[in-house]
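Notes for the one structure printed next.
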Amino acid sequence: MATGNPKRSPEVIEDILIQRIFLVTLTSTDNNQVMYLEKMSAEKLREGKSLLLNRDMMEEALVGKLSGQFSGESLFQYLTGCYGRAFEEGKKISNMKDVDLQPSLQNCVIKPAKKLLARYCQIDLCNPDMFPHSEKISAGSALLPIIFNAVSENNTACGNEFLNGFFTETDDYEIMAPIFKNLYDSLNHEISKVNDSPLGNFVQPLKALRMLVGFPNGGKALVNHPLWLPKGEDVNGRVIEKESILGSFFHISALLDLTSTADDINLLLCPMTLPMNALYDGLLEVLLYLLKSNEDVRECVMGYIGNVIEKNSSRAHMHVDMATSASSGMFFNLSAVMLRLCMPFLKEITKRDKIDAKYVSNSTRLDFRALTALHASPEESGAWADENKLKSGNSQYSFICECFFMTARVLNLGLLKLISQYRDLEKQVSDSINELSLMKEQPPSKYFKEEIARLSKLIELQSKINSGYESHLLEDCNIQRALSFYRLMIVWLADSVGGFKMPLPSGCPMEFGCMPEQFVDDAMELLIFVSEIIPEKLDPGLLNDFINFIIMFIGSPNYIRNPYLRVKMLKVLNCWTIKRNDSDTAVSPFEGHQLALGQYLVGSVLKLYVDIEFTGSDTQFLGRFFIRDEIAKFLKYLWEEPSHLDAWTKFAKEEEKGVYLNFLNFLINDSIYLQDEGFNKIRKLKEMENRRKMEKEREDRIDESLSEVEDESYSEVEEELHSEVEEESYSDVEHDIRDYIALALDDINMLAFTSEQITAPFLLPQMVERIANMLNYFLVQLVGPKRNSLNIENAEKYRFKPRTLLRKIISIYVHIARDDKENTLAAAICKDARSYSDKLFTEVAKVRGLGEDGNWMELQEFANLGAKVRLVASEAMHAEAALGEIPDEFLDPIQCTLMTDPVTLPSSNVTVERSVIERHLLSDTKDPFNRSHLTQDMLIPDVQLKSRIDEFVRSRIQHTS
């Protein structure tokens, strides 16, 4: 009967395990892989002890092995091999039938063996001279392959367990620091190889970094590494990106710029396959490990980010010096990671109470002094900063607070800069395509053929670069996080003025006024970009707070001083109301918004229209018309919304002699200037066309005595000169006509539809002559003696429609006249000696096609107005004759007309007609005689002079009757 193998004793099993793990034995053996520890064996025999290895003899056996000869492998490889064998033996023990023996072997043999081996691995790397046959091997070359294997898809539990044991065996920083330093050096070398290609595989090095900073002392060792943050006077943003360990990881990007080589760009011919979200998430984990490590490490991390921001502050400039600044790729990556860091308090917006506005004035990490404040002057911001320092001292700010302000700065230099560069690149592509089209229209020649090839290649390269920008900017997660961040920004800013409610406090709190206007500007830029490019990404739930913020501050120069920033806010509103194609229906995003109802929205936008007049230099003069046109688009939208029309009407009544009157005044001013410039440009264009015809006729009559060759040579030279000198100005004139005519028609159209329902302000003494003179002037241009000078070929090419313009002019006349019970308009019309003549009104009736749109009623009303003006003109003529010669003291010194309501100007002490000076003050708040400050409430009625004038008029009328 067969019998099984005898059961081994625990002592024998323990001996076998140690032999297998360490490849040693105390008995002689023929196995070349196992070392016979002869000295140790002899010592045991002398002591009369067993030659079985046990748990207490493991370190002695290991030292004996390490003191012997090695062949084919390094000492470190032997130690890691032992660890691997210990791991495998441990798995076998788990499957033993003897469950009582399992715990003893695991806890007393396997675990101590692993711990022992991890410790000796440290000793070998730190003190290689301790053992006679140890090869000097760097920590990087020894450990990095193990780390890469552990973080790969084919990782083994053994590798992870070994690394965990190795890095946690001791918490002595002095022991581990050299190992970590060497590892970070090696890792930095590896990631630099990845950066040689925009499509390099960064996943393994990033996972390795994430693993290392997660070990005790790993974070501390990283922030103390010489390449954590390069030092020296020559260190700039580019140096930090290229040389710092984190900078090398943040540098990884598929973004290219116009300085990239063709080879770089050709690498992106294939679809973008970079797992960019894996990069962002991996870098986020690295930062989180570091931030949670300890206070000193966290301080170093915040210091690093602060340095990156400050050293790259020039990225905010229009032109970025790429030799000294970090790349757009790095800053976009940093933007994505910072947004992820913010997510906990973006989700819980109530945590915004931890954001302290004083950080802007007190921060030693970021310098906000160079940034323009929302309202405060540099002196006011400085005083507020000094006050905060006295109150706060060296107070510490929460992580949420620092992270918030750092993210705002990073987004400005990263995401928002990328948006700006993307728009510039789009324009470059468009300009190149237009230039290419013009080239293709030229006569064939070697020069044009070369230029066409050059432009074609440039467009191809520009388009590829643009694709890279789009792949980053249109990524949904980053956009949504950025929108959430700026929503928090505007909610937090609104908190400093009492939240989303109107009216605003009378004085702007310093907590609001000292904040960088960049915060609001960036929020608006992002909204405009998303609204125009990817409107489907806009979450309606986020829009409410943005809308409320815009309504509160768009018309509040006492809070947001920069009118162009407030215009940008209005552009956001226009993005949300514009119809993108004929099939779309513009849905009002303002319905149901408490602040949008009432007069707040309408009033704010009308105030903004007025504010534009009083800002900017003379060089920005023409720009104001385009800005006001942007505002006019939104005003037209509001007018067509019943709820806002009611608010508009109410506001116009309450501000009849205030903001609304200013609005109408500038609307009239702009209409006159733009239409007059448009008319002049049309006449100039017509002159140029006539001159061309004359020159062509002259050329056709060239003396036939010239030879054919001479004739051709002369014509070519003359034609070339004319084309170089005149063609550019001709196209400029065409461009100007299109701009001026379109802008003027928009303004006149607004006067037409607003005057239909709101007429009272037009009939005020300080306004009625302004509107009458404007209408008369346009009428004489369109139907007067020189009207044929405006007839140009292809008028529709320039969007010039004289008949449409005339209809609008007639509508304004009629709308105002309907409520003119006292013939105020009629009197102002006939008083206009420069443009008015009775014949103008009769000439209108001769214009063909005016009644085609069904406005016969308006034409009849206009004819009736003409008759009324004739009657009033006749009465005025008799009244003027009755007055005879008027004493100089009764005449207004500005217009030389009889005063009816004289007022004295306090500074110059000059007496003028009230309506005349009030009309002047609508555009200029200066005394016209000495340029001192002057407002309507400063005017002093001259009661005595008025009494004398009234008596003079009465006496003359009585005398003539």
Quick one: in the stretch 612-628, of everything that is at pLDDT 85 or above and crowded, with 18+ Cβ neighbours inside 10 Å, which residue is farthest from the chain's Cα centre (by Cα)? Phe625
So, Phe549, is that one surrounded by 22 or more Cβ atoms within 10 Å (Cβ to Cβ), in contact with a Phe, Trp or Tyr (Cβ under 6 Å, 6 or more places away or on another chain) and in contact (Cβ under 8 Å) with a residue 12 or more places away in the chain or not? no
Could you check Ser420 against (1) more than 30 Å from Ser731 (Cβ to Cβ); (2) among the hydroxyl-bearing types (Ser, Thr, Tyr); (3) surrounded by fewer than 17 Cβ atoms within 10 Å (Cβ to Cβ) and say which number it fails? (1)
Qualifying positions in the stretch 459-491 - surrounded by 19 or more Cβ atoms within 10 Å (Cβ to Cβ) and either within 19 Å of Ile551 (Cβ to Cβ) or in contact with a Ser or Thr (Cβ under 6 Å, 6 or more places away or on another chain) (or both): Leu483, Tyr486, Arg487, Leu488, Met489, Ile490
Scanning the stretch 379-394 residue by residue, those within 29 Å of Leu334 (Cβ to Cβ) and either charged (D, E, K, R) or open to solvent by 50 Å² or more (accessible area, probe 1.4 Å) (or both) turn out to be Asn394
Against the definition (surrounded by 13 or more Cβ atoms within 10 Å (Cβ to Cβ), hydrophobic (A, V, I, L, M, F, W, C) and part of a helix (DSSP H, G or I)), how does Phe87 come out, yes or no? yes
Enumeration of residues in the stretch 21-38 that are touching a helix residue (DSSP H, G or I) at 6+ places or on another chain (Cβ under 6 Å) and either part of a helix (DSSP H, G or I) or not polar (S, T, N, Q) (or both): Ile21, Phe22, Val24, Leu26, Met35, Leu37
Do we find that Leu284 is buried (at least 22 other Cβ atoms within 10 Å of the Cβ) and at pLDDT 95 or above in this structure? no
Being over 12 Å from Val869 (Cα atoms) and within 52 Å of the chain's Cα centre (by Cα) is the filter here; which residues of the stretch 824-850 pass it? Arg834, Ser835, Val844, Val847, Arg848, Gly849, Leu850
When you go through Glu532, Glu536 one by one, which is the residue that is surrounded by fewer than 17 Cβ atoms within 10 Å (Cβ to Cβ), over 29 Å from Pro378 (Cα atoms), without any contact (Cβ under 8 Å) to a residue 12 or more places away in the chain and out of contact with any Gly (no Cβ under 7 Å at 6 or more places or on another chain)? Glu536
Just give me the residues in the stretch 640-665 being part of a helix (DSSP H, G or I) and either out of contact with any helix residue (DSSP H, G or I) (no Cβ under 8 Å at 6 or more places or on another chain) or surrounded by fewer than 18 Cβ atoms within 10 Å (Cβ to Cβ) (or both), in sequence order. Pro642, Ser643, Leu645, Asp646, Thr649, Lys650, Lys653, Glu654
Can you spot a residue in the stretch 364-371 that is surrounded by fewer than 22 Cβ atoms within 10 Å (Cβ to Cβ), among the acidic types (Asp, Glu) and part of a helix (DSSP H, G or I)? no
Please work out which residue is farthest from Met322 (Cα to Cα), limiting yourself to the stretch 236-253 and to residues that are open to solvent by 20 Å² or more (accessible area, probe 1.4 Å) and in a loop (DSSP other than H, G, I, E, B). His251
Matching option when the condition is outside any helix (DSSP H, G or I) and either open to solvent by 50 Å² or more (accessible area, probe 1.4 Å) or modelled with pLDDT of 90 or more (or both), among Tyr564, Tyr559: Tyr559
Tell me the residue from Tyr486, Tyr564 that is under 20 Å from Lys633 (Cα atoms) and within 21 Å of the chain's Cα centre (by Cα), please. Tyr564
Within the set of pairs 6 or more residues apart or between chains, which connect a residue that is small (Gly, Ala, Ser) inside the stretch 88-100 to a residue that is open to solvent by 100 Å² or more (accessible area, probe 1.4 Å) with Cβ atoms less than 9 Å apart? Gly90/Lys111
For the stretch 130-137, state whether one or more residues are among the β-branched types (Val, Ile, Thr) and not in a helix (DSSP H, G or I). yes
Please go through (1) farther than 27 Å from Ala879 by Cα; (2) open to solvent by 20 Å² or more (accessible area, probe 1.4 Å); (3) among the acidic types (Asp, Glu); (4) in contact (Cβ under 8 Å) with a residue 12 or more places away in the chain for Asp937 and return the number of the only condition it doesn't satisfy. (4)
Tell me, yes or no, whether the stretch 510-531 has at least one residue that is farther than 27 Å from Gly414 by Cα, at pLDDT 90 or above and not acidic (Asp, Glu). yes
Residue list for the stretch 52-75, filter: surrounded by 14 or more Cβ atoms within 10 Å (Cβ to Cβ) and assigned to a loop (DSSP other than H, G, I, E, B): Leu52, Leu53, Asn54, Gly68, Phe70, Ser74
Looking for whichever is under 48 Å from the mean Cα position of the chain (by Cα) and under 18 Å from Phe762 (Cα atoms) here; the options are Lys808, Lys821. Which one fits? Lys808
Note down all Cβ pairs under 6 Å where the first residue falls in the stretch 160-176 and is among the acidic types (Asp, Glu), the second is assigned to a helix (DSSP H, G or I) and open to solvent by 40 Å² or more (accessible area, probe 1.4 Å), and they're at least six residues apart or on different chains. Glu169/Arg119
When Leu685 is run through (1) open to solvent by less than 50 Å² (accessible area, probe 1.4 Å); (2) under 34 Å from the mean Cα position of the chain (by Cα), the failure sits at (2)
Residue check, Asp264 modelled with pLDDT under 95, open to solvent by 50 Å² or more (accessible area, probe 1.4 Å), farther than 16 Å from Glu190 by Cβ and in a helix (DSSP H, G or I): yes
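The values are calculated or read from the model by the stated rules, or taken from the named source; none is laboratory data. What you see is a predicted model, and the numbers here were worked out from it, not measured in a lab. A quick note on method: Cβ atoms are made from the backbone with ideal geometry, for glycine too, and the neighbour counts reach across all protein chains shown. Side chains are part of the model used for accessible areas, which takes the heavy atoms of the whole protein and leaves out ligands, DNA and RNA. Shrake-Rupley method; radii C 1.70, N 1.55, O 1.52, S 1.80 Å.
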